[in-house]
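I have placed the structure first, in the form of structure tokens, so that the comments after it can refer back to it.
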Amino acid sequence: MSEHTQVEMTEMKYGKDRPKAKHELKIEDISLRDGHQSLFATRGRTEDMIPVAEKMDEIGFWAVEVWGGATFDAMHRFLGEDPWERLRTLKRYFKKTPFSMLLRGQNLVGYRNYADDVAKLFVKKTVDNGLEVFRTFDALNDYRNFETVVPVIKECGAHFQGCICYTLTEPRIGGDVYNLEYYIQKAKDLEDMGADSICVKDMAGLLAPYDAYKLIKALKDNVKPLIHLHSHFTSGMSPMTHFKAIEAGVDIIDTCLTPYAYRTSHAALEPFVMSLLGTNRDTGFDINALADINEILEREVMPKYKHLLDDTKVSGIDINVLLHQTPGGMLSNLVNQLRDMDALDKMDEVLKELPRVRKELGQIPLVTPTSQIVGIQTVNNVLFDTPEERYKMVTAQVKDLCYGLYGKTSVPIDPEVQKKALKGYERGEEPITCRPAEVLEPELENAKKEIGDLAVDDEDLILYALFPVTGKKYLLQKYGKEQVPESLKPITMEEVEKQKRLVEKARKGELFEKDKLKEGPEKSEYTRTFNVFVEGDYFEVGVDEVGGAPVITYAAPVAAPVAAAPAPVAPVPQAAPAPAPAAPAPEAKKAPAPVESAGTPVTAPMPGMVIKYEKNVGDSVNEGETVVVIEAMKMENALPAPTSGVIKAVNYKSGDSVAKGEVLAVIE
Ligand code: CO
């Protein structure tokens, strides 16, 4: 054997009381955050975590990840739950195991950089509510975006885990940008910042086994903090990758309990426990105790979520990740967006354009939110560019990136693209080089004024500061000023059982239809509904499509703050697509009838939500000037005037949803 392996067989004792391994492998369980974020679009409810919480607390995990990432957003928006309450509730059951969260650096748990005052209060309140380990990352690996949160994490006595987002430009580690030296340097930077541990965050499942060996070994040789590996299963490599990382001496790995594992999630824990039994890396975990937890989850919890699993594919592995080195979630977002625009046939072009756009935008890692930024801009380029002109429709987020608002890119942004993007940009045409949050005004006082008494404590205030539109809506529900919509309420096991019985009956051919027209609700013109009638009971199954294409209709018609990124359309799964059925059923809301008018229309090139009109009726406008900004797939798109003239009609208002092709304004 040429290579020394650090996994050695030691004691051949398998019982619960077997002796502690020499270099025990530590495990962070991430079922209750990344697991259900990856598989069930973050729809896991607190009440479904409680049945296993005390048993999980007994296993001996290094930490359990229960918060952060998309949970904060998805909980208040789709589950009618207070995210802070989850921490407090779970803390009553997890008495020994530390809580970990995923913190998006200065983006906190949102999709843009927040001002320092928000960031500081957020970290402080998070510790107050029971959080101990802050897994902190920045999409650009620009650690200046850690400078505000890290001192607060440290002051509060919490654990600062610094992340290195793992990304590639070649099929394997190496090349000019993301080579071994890059990762070692990043680890040293984190060590200098006082990292208690360092996590390699492989959100797309790109890390190949032998690269993992090289990488982990290099990190162990060069820095002192504990080394932690987070590698998604998406491409199918992760169990092998983890194993090579274990051989290279990785200290901690992330796994999920089996029902939350695989697909776009993570490797399952139980096979590791068994594989390492009796070695110097033995986890020491009791496999029977884990089996008990699995049993409860399978019986009492998973049936309520099964319908959210993306079952469009038989394969559990996304081969595209191996082919294109592109996060699985990003690809499915692209497919959804192209479908919205009736342009699915352009997928090949998009995949070809993507590496070019990424390179022009500074070869940035592809992780929330940069994967969306690069992806959507690529789609815009493919759909709207002409042979004479590229980057015809630049999203607001690409403008922000070019300005330096996300941080420093790995290589400089293409100067021509940057110049074009920043032409007429509201903050200035000269990009900044300082820490991004330095140009942000404090936000808390304003937020306080806006939300007033509706925010009872700092936790409420933060919710509103991070998500002004949906956060306010939630607070109105929380304090009984607005009813909680039916769509936010949980599915009960009784309902699941009822549905199961129906399916069984249907399989046996015992279902019959009765009084269909009398008992069923009226179908709207666009509803694709399957009505099932069993004796006296009426059931409805199906997906509601409005206007033949998904139209975002649930955002409250409240003006989004101008400088802020708009409230996103749906939580961005870090590496996983939001399975379509998990999207809220659109409330069929009638769009105002477009005003009949002669003149040149400004039409929506894609379905989306109106953010703001830059021009109003009576304003004169020059060709190419922005008339209206719409949000699609979480990105803002400024729509230019197709001709010069005077605005004659404005057909929508901020917050309205529009379908592709609708006339937003008329110029005469
Ligand atoms: Co992840």
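The values are calculated or read from the model by the stated rules, or taken from the named source; none is laboratory data. A quick note: this is a predicted structure, and the numbers were derived from the prediction, not measured. Backbone-built Cβ (ideal geometry, glycine too); neighbour counts: all protein chains shown. Areas reflect the complete protein model, heavy atoms only, side chains present, ligands, DNA and RNA absent. Shrake-Rupley method; radii C 1.70, N 1.55, O 1.52, S 1.80 Å.
Quick look at the values:
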item	result
Computed lengthening from Asn622 to Lys449, 0.36 nm per intervening residue step minus Cα-Cα distance	58.6 nm
Global geometry of region 36-156, whether rounded, prolate or oblate, following the gyration tensor of its Cα atoms and the 1.5 cut on a/c	prolate
Cut-off 12 Å between beta-carbons: net charge of the residues surrounding Glu170, Lys and Arg +1, Asp and Glu -1	-1
Rg [Å, one decimal], Dmax [Å, integer] - region 271-376, C-alpha atoms	20.1, 56
Value of relative contact order over region 3-307, rounded to a whole percent, pairs C-alpha under 8 Å and six or more apart	23 percent
For region 600-667, the Rg and Dmax computed from alpha carbons only, in angstrom	10.6, 31
Sites Lys653 and Ile432, calculated FRET efficiency, Cβ-Cβ separation with R0 35 Å, nearest 0.05	0.60
Cα-derived Rg to Rh of region 119-166, Kirkwood definition	0.96
Residue-normalised accessible area of region 326-439, given per residue in Å² at a 1.4 Å probe	42 Å²
Inter-centroid distance (Cα atoms) of region 173-227 relative to region 631-650, Å	44 Å
Cα-derived Rg to Rh of region 444-488, Kirkwood definition	0.98
Spin-label model distance (nm) - Lys359 vs Lys124, 7 Å beyond Cα toward Cβ	4.8 nm
Residue-level accessible surface for Trp84, protein heavy atoms, 1.4 Å, Å²	0 Å²
Translational diffusion of region 326-439, µm² s⁻¹ [Kirkwood Rh, Cα pairs; Stokes-Einstein; 4 °C; 1.567 mPa s]	90 µm²/s
Residues Lys55 and Glu8, FRET efficiency given R0 of 41 Å [Cβ-Cβ distance, rounded to 0.05]	0.85
Full-stretch length increase - His324, Lys96 - with 0.36 nm per residue and alpha-carbon distance subtracted	77.9 nm
Simple label model, 7 Å out from Cα along Cβ direction - Ala598 to Glu155, nm	6.6 nm
Label-point gap, in nm, between Thr386 and Val484 - each point 7 angstrom along Cα→Cβ	5.4 nm
Stretchable slack from Ser315 to Asp196, in nm (0.36 nm times residue separation minus alpha-carbon distance)	39.0 nm
Normalised contact order of region 25-140, rounded percent, pairs of Cα under 8 Å and 6 or more residues apart	26 percent
Largest-first ordering by accessible area, 1.4 Å probe, given options Met635, Met274	Met274, Met635
Region 138-152-region 451-504 distance, computed between alpha-carbon centres (Å)	31 Å
Contact order normalised by residue count of region 444-488, Cα under 8 Å, 6+ apart, percent	28 percent
